[in-house]
Each structure stands twice: as C-alpha cells, then as structure tokens.
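A quick write-up on the structure given underneath.
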Amino acid sequence: MMKKYDLIVVSAEPFPYGHAATNRMLSYLTGLAKRKDILYLCLASPSSSDSPNKEKEGCFSGIYFQYMSNPIINHHRNFLFRALSLSWRHCLIFISLILFYKAKAVLIYSSKRQLTTVVQAACKIRRTPLYRDITELIGYNGSKKKNNIAKMKTNMASYSGLLTISQGIYNYFDNIPIEKKFLLPVLVDISRFEGHKDSENYFFCCSGANLERDGLLDSLNGFLLFNNTTKGYTFEIATYLDLTNPYHIKCKEIIDSHSDVIHYLGSLPSYEIPKKMSHATALMLTPHSNYQTKGFPTKLGEYLASGTPTICSSTDDLMSVVSCKTAYIVKPNAPDMIAETLQLIVNNPEEASIIGSNGRQLMINKYTISSYEERLINFLKI
C-alpha cells in the first residue's frame, strides 16, 4: 500500500547528522514536521565508518527518513562499481517516488544533475508539484561551472517553485515569476544552542570544504598577528583539509608550523559544534569580497545563535543580516583588522557579551521557522 505524506524531501545529504546542508534542511523541516507528515529520502553518499548516521530508516524530530542503501558506504576503488552502485540508488529513488510513496509536494535539495533529473521524471509521471531549495550559485563568479548556472536558470520552468536562501539568488532568477519564488533565509533551530557559557581561552572557526570561500587564511593570519602581542589564547578549527588543494595546503602549513596555538580538530560531528561555539571567546567567519556565490553561510546563523561574539566580513549578504550591534564587522582580506578586533573582544568582555547576546536575540526574533512557517506551508501548498 502506498504511504502518503504532505511533503517528501529528496537529497544526497546525510541525515539526521550532517553539516551545513543538513542543518539548513533541519532548520525548517523540524518546524513543519510539527504540523505536517514529512519523509526525507536520502540517496546516500560515501561516508566513513565513524559516521553518526547508523540507521537506514527512522524518525528524527518528527521527520521520517529513509536511506536508499546502508547509511555508511565505503568509497570503492573500482570506478565501475561506484557508478553502478550510484545508478542503482537513483533507480530506488525513482521507484520509491513512483510506487511506494505519494506526496502533496516534493522538495529537492541537491545540485547533482542525475538526481534532479530522476526526481523531475518521477514527479512528472506522478503529476506531483516539485520545488527546489537553492542555497548557492556555484560558479557564479566566473568559474567553469558558470554555464551550468545559466542552464539551470532556463530550466527552472520545470519546477513548481523555488526556495532561495538569499536575496541575491532570488534576484538572479528574474525569469521566474514572484509567486513561484520564496525567500527562506538562513534559519536556526535555537534549541540546539543554549547560549554563551563561561568563555574558555580559545577562538573557534567551523568551515566546510571550501576554505577559500570562507577566508580561512585571513582568520589564521589575523590570529597570529593577535598572538604576537597577546598570549594565552588558541585558535581551534573544525574543518576538512584536502591536501590536493593549494589553498588547503597553505592553511595546513600555517597550522602545522604553529601547532602550539592553532589546533586542527578535523571535521567534527554536527552535534558537537554548538558546545564548541558556546564556550569560545569569539567565533570567526571572514569570507573574501571577491569570492561570493550569492549564497549565505548557514554557519553565520549558528554563530549568532550561540550567543558568542562573532567576527564576520562586510560582504553583501552578511551585511543584510548583521550590524555593529549584533556582530564585530571587519573588512574582507584584512588580517590586521581581525587581530585588532580579537584584541578588542579580549580587552572588553562586557561589551563583547552584549554584542553576542544581541546576535542571539536577533536569530530568535527573526530567523527561526516560526517566522516563516505559515507562509512556507502555503507556498508549498501542503
């Protein structure tokens, strides 16, 4: 018998524990799940054996989820085997949407062409409205993928609607009628963050795989300038280093040569991140002005929600959310200004605490699902 849901979400992102993309979906799905029946279909991608996602199916925060294979997939050396395995999981997604599950709407969170094509085909056969959540225009700034973005712009007619994380992405799709676009900004599940605790003497940065976009070198160099004059603090970094990437190699060289004060934590599970944020003296997010994809870093919302003083660059979309009352703002590509700001925070803990509290209150007041829930339900027609 076919199971019925109000909304089916399809993605290749791990669930329920993941990183920025998973947290983005959880930030609004947990709220919707209090009123609607939601199923998360996960394609599943290669993952390590220590992944916290062990269950193939279950329910998390009211959201039902189903993996198309074992949640833990080893990265097989044989290309043909990997290709066949991936194709089979795509087939299972298609079969599931055609034969096993029925929904009022389907939402896809993925830029993977094969997955989006499969979901589009299934929804066309079932005549199910299909929506897409887009959080970044990869290649927008002129990379080799720019043509893919242009194609996506013209192919949006196949979708019933589009969710965008930023005004920049919303405006980019100017060929889409306003009634088919919904600006859903960075949201946070405030219950994950208990607020700022007694500070321990470390600064913290959590970055995804794109360290250049997040400006990690600037944060590293800014901390080292600060460390030249003020001792007793460390810089802790949770990220993934790809030693085939020149920018990552530069970061690793700095980390290794200053391992007494810069601590590389690797890629931490998402459930450990809030505690690291809450106990830090300050948090750093310093993206470059020339490396924007019109997206919005979900980590900024989490930084602010933690209540810990946050340092961020004055790039376009970041400035649409924060002000000097809710965060410490520095110019892009300015390690010396980062160092000065770190010193300012250390020298003025009471002021820093107020700014951190203001940032958290901003997220509570404007950037939780409760502010968008009713409008999103109406937009998705569920």
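Every read-out reported here was derived from the displayed coordinates using simple, explicitly stated rules and does not represent laboratory data. Everything numeric in this text was worked out from a predicted model, so none of it was measured. Because the Cβ atoms are built from the backbone with ideal geometry, glycine has one as well, and the counts that use them run over all protein chains shown.
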Cβ under 11 Å from residue 251's Cβ, residue 251 left aside: what net charge do those residues give with Lys, Arg +1 and Asp, Glu -1? -4
Can you list the residues, at least 5 places off or on another chain, whose amide H is less than 5 Å from the amide H of residue 307, using H built in the peptide plane? 360
Ranked packing of 321-327, 53-59, 163-169, most packed first, by mean Cβ within 10 Å: 163-169, 321-327, 53-59
List the trypsin sites (Lys or Arg not before Pro) in the range 175-272 that DSSP assigns to loop (not H, G, I, E or B) and whose Cβ has at most 15 other Cβ atoms within 10 Å. Which are they? 197, 231
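Count the lysine pairs in the range 186-340 whose Cα atoms sit under 16 Å apart, keeping only pairs 8 or more residues apart in sequence or on different chains. It would help to have the intermediate numbers written out before the result.
Details: 197/275; 197/276; 275/299; 276/299.
For the range 186-340, qualifying lysine pairs total 4.
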Semi-axes of the equivalent ellipsoid for the range 190-366, Cα gyration tensor, largest first, Å: 22, 18, 16
Relative contact order of the chain, pairs being alpha-carbon contacts under 8 Å that are 6 or more residues apart, as %: 17 percent
Name the residues whose placed amide hydrogens come within less than 5 Å of the amide hydrogen of residue 315, ignoring near sequence neighbours (fewer than 5 apart) on the same chain. none
Share, in percent, of DSSP beta bridges within the range 190-366 that are antiparallel, nearest 5: 0 percent
Once you charge only the Cβ atoms, +1 for Lys and Arg and -1 for Asp and Glu, what is the size of the charge dipole of the range 218-344 about its Cα centre, to the nearest 20 debye? 220 debye
Whole-Hz ³J(HN,Hα) from phi, Karplus 6.51 cos²θ - 1.76 cosθ + 1.60, for the range 99-114, glycine and proline x: 10, 9, 10, 10, 9, 6, 7, 10, 10, 10, 10, 5, 10, 6, 4, 5
If the only charges are +1 at each Lys and Arg Cβ and -1 at each Asp and Glu Cβ, what is the size of the charge dipole of the chain around the Cα centre, to the nearest 20 debye? 2180 debye
Please list 3J(HN,Hα) in residue order for the range 10-19, calculated via the Karplus relation 6.51 cos²θ - 1.76 cosθ + 1.60 where θ = phi - 60°; whole Hz, with x for glycine and proline. 10, 7, 9, 6, x, 8, x, 9, x, 10
In sequence order, what are the phi-derived ³J(HN,Hα) couplings for the range 216-223 according to the Karplus relation 6.51 cos²θ - 1.76 cosθ + 1.60 with θ = phi - 60°, rounded to whole Hz, with x for glycine and proline? 4, 4, 5, 5, 4, 5, x, 5
Residues with beta-carbon under 13 Å from that of residue 337, excluding residue 337: net charge, scoring Lys, Arg +1 and Asp, Glu -1? -2
Burial order of peptide ranges 308-318, 340-350 (average beta-carbon count within 10 Å, highest first): 308-318, 340-350
What does the net charge come to around residue 284 if you take all other residues with beta carbon closer than 12 Å to its beta carbon, with K and R at +1 and D and E at -1? -2
Within the chain, the percent of DSSP beta bridges that are antiparallel, given to the nearest 5, stands at 10 percent
